[in-house]
1. Select from the stretch A:197-220 the residues that are assigned to a loop (DSSP other than H, G, I, E, B) and modelled with pLDDT of 70 or more and list them in ascending order.
2. Condition check: touching a strand residue (DSSP E or B) at 6+ places or on another chain (Cβ under 9 Å) and free of Cβ contacts under 8 Å to residues at least 24 places away in the same chain. Does A:Val137 satisfy that?
3. So B:Lys43 clears everything in (1) surrounded by fewer than 13 Cβ atoms within 10 Å (Cβ to Cβ); (2) under 21 Å from B:Ile17 (Cβ atoms) except one condition, right? Which one?
4. Of (1) within 14 Å of another protein chain (Cβ to nearest Cβ); (2) at pLDDT below 85; (3) over 17 Å from the mean Cα position of the chain (by Cα), A:Lys40 satisfies all except one. Which?
5. Cβ contacts < 8 Å: first residue under 21 Å from B:Leu9 (Cα atoms), restricted to the stretch A:22-36; second residue surrounded by fewer than 19 Cβ atoms within 10 Å (Cβ to Cβ), any location; separation 6+ or different chain. Result?
6. Has the stretch B:87-110 got at least one residue that is surrounded by 17 or more Cβ atoms within 10 Å (Cβ to Cβ), more than 10 Å from chain A (Cβ to nearest Cβ), touching a strand residue (DSSP E or B) at 6+ places or on another chain (Cβ under 8 Å) and under 30 Å from A:Leu53 (Cα atoms)?
7. So, in the stretch B:7-25, how many residues would count as being within 11 Å of chain A (Cβ to nearest Cβ) and aromatic (Phe, Trp, Tyr)?
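The values are calculated or read from the model by the stated rules, or taken from the named source; none is laboratory data. A quick note: this is a predicted structure, and the numbers were derived from the prediction, not measured. Counting neighbours? That spans all protein chains shown, and the Cβs are built from the backbone with ideal geometry, glycine included.
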Amino acid sequence: MASTQVLKSRIHSVKNTKQITKAMQLVSASKMRRAQDATKASGPYTQAACELLSSLSNYTSVEQHPFFVKRPVKRRLIVVIASDKGLAGAYNSNIFKAYIEQLKKDDKADIKNATIAIGRKMSQFVTRIEDSNVMGVYENLNDRPNQRKFKTILYSIIEMFEKGEIDAVDIIYTKFINSISQQPRVDRVLPAGFCKTKSENTSPDIRFEPSVKEVLDVVARRLIGAQVFQALLDARASEHSMRMIAMKNATDNASDLADDLTLAMNKARQGAITQELAEISGGVESLNA
Amino acid sequence: MQLTLTTLLGTKVDRIIYELIVPTVDGEIAIFPSHEPLVTLAKSGVIAIRNKKNDSNDKLEYLAITDGVVKISQKKVDLLVDEADYGRDISENEVKAALERALKMRDEAKDQVELDEAHQLVNRHTVRLRVAELHRRHRHN
């Protein structure tokens, strides 16, 4: 049995770790709430963009726009979102698994692929994979849609698709369902899906300036931007949520461990006292004999 | 007329207003109730909102917007932009510092990509600074 001194120092160390994990749990909980609110915020934007597209479809064939035209997929771009930091449970490993699955699928179907990695953990992972064609690596993204990195990612995706360098763009991220449930998802960004809504009271003599084509182009770009941004927000909320749960489990485990160690220490201390008493009474007995 | 200003970070304005002044690719336009139906492209800049018909210019509300789309129907104006900020939410000192950084970045740009990014940042911060100044000026009146 370990000495009480060793046990004492272990209990101290476990309690220190517990304080850290508890603090991380609280920080993640607060960040998760903010990120959770943000995931709902871009809903009206997508809705408004879809309504505009529906209105436009009365004047032009939206499906004929290059962003919506499906072509045989020979080259595919995969955008993968993981986190910058670890200690978030299975968050990153789930994304890695989903990514590897997609690479295997492409291998089978003889599709060439390229990757854009978002998050430090993802960039470290893709650089370890042989033959991965990494087009870009982005770290430390914040949650502003006008930030340079987000725009750069978006513009490069759109440009590659327009030039015909790639035939499809998929995004792998963790969908935030609620604070307990998050799912790795693969969503197609380009060619875009046309979300037809009920176009409300579109006046027949509505004018488009400068032209229907230019307005359609801007709206379609905004719809794609909203989808990518939504994936980033979902990924962020999922990361904080999973980190919160991981840290809660770590805190609970630390509490259990501290309890077990305290019990062991008390037993060891009691054992030492009993032994000392036995020795004293043994000594007294021998003196009286 | 009903104004709905939707951004990627949520709905910023959703209320009845009297007049909206918005910069578009074809110049600045003022939209009043019963404006002809129109869909046009908004340019990054300052929009002004007059809430009631009798409100003076001092009572105009200003917002900095990024590029986007404006849809005008009979009783409704929908404005779809990536970002929009009220003058009251912008810190003038912070924007001034950000503008200085962007100007420095523009002067030190090594390639076209960096130069384009710097130009975008300079434009964005210039607009935000204008809105913050307009808000301060009108608050003191």
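1. A:Asp205, A:Ile206, A:Pro210, A:Ser211
2. Numbers: touching a strand residue (DSSP E or B) at 6+ places or on another chain (Cβ under 9 Å): yes; free of Cβ contacts under 8 Å to residues at least 24 places away in the same chain: yes.
It is true that A:Val137 is touching a strand residue (DSSP E or B) at 6+ places or on another chain (Cβ under 9 Å) and free of Cβ contacts under 8 Å to residues at least 24 places away in the same chain.
3. (1)
4. (3) is the only condition that A:Lys40 fails.
5. So the pair list comes out as A:Met32/A:Ser179; A:Ala35/A:Asp143; A:Gln36/A:Ser179.
6. Checking the stretch B:87-110: not a single residue is surrounded by 17 or more Cβ atoms within 10 Å (Cβ to Cβ), more than 10 Å from chain A (Cβ to nearest Cβ), touching a strand residue (DSSP E or B) at 6+ places or on another chain (Cβ under 8 Å) and under 30 Å from A:Leu53 (Cα atoms).
7. Start the filter on the stretch B:7-25 by keeping residues that are within 11 Å of chain A (Cβ to nearest Cβ), which leaves B:7-12, B:14, B:24-25.
So of that shortlist, the ones also aromatic (Phe, Trp, Tyr) come out as none.
Residues flagged as within 11 Å of chain A (Cβ to nearest Cβ) and aromatic (Phe, Trp, Tyr) within the stretch B:7-25 amount to 0.
The rows are residues; the columns are (1) of a type in the set (A, V, I, L, M, F, W, C); (2) within 30 Å of A:Ala272 (Cβ to Cβ); (3) surrounded by 19 or more Cβ atoms within 10 Å (Cβ to Cβ).
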residue: A:Arg10; (1), (2), (3): no, yes, no
residue: A:Met32; (1), (2), (3): yes, no, yes
residue: A:Ala38; (1), (2), (3): yes, no, yes
residue: A:Tyr45; (1), (2), (3): no, no, yes
residue: A:Ala49; (1), (2), (3): yes, no, yes
residue: A:Ile95; (1), (2), (3): yes, no, yes
residue: A:Lys105; (1), (2), (3): no, no, no
